[in-house]
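First comes the structure, then the notes that go with it.
The values are calculated or read from the model by the stated rules, or taken from the named source; none is laboratory data. None of the values given here were measured: they were computed from a predicted structure. As a convention, Cβ positions derive from the backbone with ideal geometry for all residues, glycine included, and neighbour counts pool all protein chains shown.
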Amino acid sequence: MTAATGVVDVLCVGHASYDLVFSVVRHPAEDEKIVADGLIACGGGPAANAAVTVARLGFKSAFAGYLGLDLYGEKHWQELSGEGVDLRLTVRGSSPTPLSAILVKPDGKRALINYKGETRPLAVGDIDFSAIVFKVVLFDGHEPHLSVPFAERARSETVPTVLDAGSLHAGTKALMGRVDYLVCSEKFARQFAADEERALARLAEAAPAVVITLGERGLIWRRGTERGAVPAFTVAAVDTTGAGDAFHGAFAAAVAAGTEWVDLLRYASAAGALCCTKMGARQGLPSKEEHRILLQRCAHPDR
């Protein structure tokens, strides 16, 4: 059942897709046909997955974006609704729901193909954001026409904003200087400098707080004149798909909760790590109890 009352902790603005996740022994070579060992079909997309993460961790979330009226859109709508994600700002239409095919090897490494067809980004007036009261806004950059003016409005109203900068494209480039927390992947950071420390310094010129996630190497961060690093949690990786989405959702939820900075980074890191332990992004997004257990088991005394 979709939530419809109260203040939303995190409003997630951006992309929703439907994922077909194939387990393969290896990624196929050119002109090669291989047989998958398994298949998982589920909802996906950075903002949609972040919204589910927030909800599973015990917070209230909402998703603002697009889902088609096709089979994949209906299945994804039902999933989000079943997770308790507020869908009042989700636009439905006749254009197809974006579809992703993901090939995952036994070591957790993946290859991904996304298809959007004729589906276009939503226009500025397609969503009335005044319909929901929220504490934090998370953007993934995939709805730039909506997100840029909304980010400026949120900042003017002192509502914290987070950007999931997984890759450098028009949307993330437009938003990176308009958010309070620029949380980016190593891939994104290396578009600005080959050396991650130099990239961190350059990105800090755009946003007050910057985090660069480095996978199994943890993360580095800079906030004002302060900087530091947080190690990754040690887990047995099965599929890295969605780990970034889980990290960003947990990060935004912790911002909404007013969590202290280093604890916030560990909170988000635990969610990302847990997502790697299961096949499929949506299946890997952790529950509140799984997350609590990992944080307790791997507590670092030297914070």
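Listing for the model above:
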| item | result |
| --- | --- |
| Hits in the stretch 80-113 - residues which are closer than 30 Å to residue 26 by Cα and in contact with a helix residue (DSSP H, G or I) (Cβ under 7 Å, 6 or more places away or on another chain) | 97, 99 |
| Single residue of 117, 108 found to be touching a residue at least 40 places away in the same chain (Cβ under 8 Å) and on the phi > 0 side of the Ramachandran plot | 108 |
| Looking only at the stretch 1-19, and only at residues there that are outside any strand (DSSP E or B) and at pLDDT 95 or above, the one that is surrounded by the fewest Cβ atoms within 10 Å (Cβ to Cβ) | 15 |
| Enumeration of residues in the stretch 154-179 that are assigned to a loop (DSSP other than H, G, I, E, B), more than 17 Å from the chain's Cα centre (by Cα) and not basic (Lys, Arg) | 157, 158, 159, 177 |
| Which numbered condition residue 39 fails, given (1) more than 29 Å from residue 184 (Cβ to Cβ); (2) part of a loop (DSSP other than H, G, I, E, B) | (2) |
| Among the residues listed as 277, 234, 240, the single one being at pLDDT below 95, hydroxyl-bearing (Ser, Thr, Tyr) and surrounded by fewer than 16 Cβ atoms within 10 Å (Cβ to Cβ) | 234 |
| Condition check for residue 126: under 29 Å from residue 258 (Cβ atoms) and either of a type in the set (A, V, I, L, M) or modelled with pLDDT of 95 or more (or both) | no |
| Residue count for the stretch 90-127, restricted to those that are assigned to a strand (DSSP E or B) and in contact with a His (Cβ under 8 Å, 6 or more places away or on another chain) | 2 |
| The lone exception for residue 49 - which of (1) out of contact with any strand residue (DSSP E or B) (no Cβ under 6 Å at 6 or more places or on another chain); (2) surrounded by fewer than 24 Cβ atoms within 10 Å (Cβ to Cβ) it fails | (2) |
| Pairs, first of a type in the set (Phe, Trp, Tyr) in the stretch 253-268, second assigned to a helix (DSSP H, G or I) and buried (at least 23 other Cβ atoms within 10 Å of the Cβ), C-beta under 9 Å, six or more apart | 267/250; 267/251; 267/253; 267/254 |
| Of all residues making up the stretch 73-86, the number that are assigned to a helix (DSSP H, G or I) and either surrounded by 22 or more Cβ atoms within 10 Å (Cβ to Cβ) or in contact with a Cys (Cβ under 6 Å, 6 or more places away or on another chain) (or both) | 4 |
| Condition check for residue 123: more than 30 Å from residue 237 (Cα to Cα), aliphatic (A, V, I, L, M) and touching a helix residue (DSSP H, G or I) at 6+ places or on another chain (Cβ under 9 Å) | yes |
| Restricting the stretch 246-274 to residues that are of a type outside the set (D, E, K, R) and part of a loop (DSSP other than H, G, I, E, B), the residue that is surrounded by the fewest Cβ atoms within 10 Å (Cβ to Cβ) | 258 |
| Number of positions in the stretch 194-204 that are over 16 Å from residue 224 (Cβ atoms) and either not in a loop (DSSP other than H, G, I, E, B) or not hydrophobic (A, V, I, L, M, F, W, C) (or both) | 5 |
| Filter result (farther than 19 Å from residue 282 by Cα and surrounded by 12 or more Cβ atoms within 10 Å (Cβ to Cβ)) within the stretch 20-41 | 26, 27, 28, 34, 36 |
| Sole exception among (1) within 22 Å of residue 109 (Cα to Cα); (2) outside any strand (DSSP E or B); (3) not charged (D, E, K, R) for residue 207, by number | (1) |
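This table checks each residue for (1) crowded, with 20+ Cβ neighbours inside 10 Å; (2) without any contact (Cβ under 8 Å) to a residue 60 or more places away in the chain; (3) over 21 Å from residue 10 (Cβ atoms); (4) hydroxyl-bearing (Ser, Thr, Tyr).
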position: 182; (1), (2), (3), (4): yes, yes, no, no
position: 187; (1), (2), (3), (4): no, yes, yes, no
position: 190; (1), (2), (3), (4): no, yes, yes, no
position: 193; (1), (2), (3), (4): no, yes, yes, no
position: 196; (1), (2), (3), (4): no, yes, yes, no
position: 200; (1), (2), (3), (4): yes, yes, yes, no
position: 208; (1), (2), (3), (4): no, yes, no, no
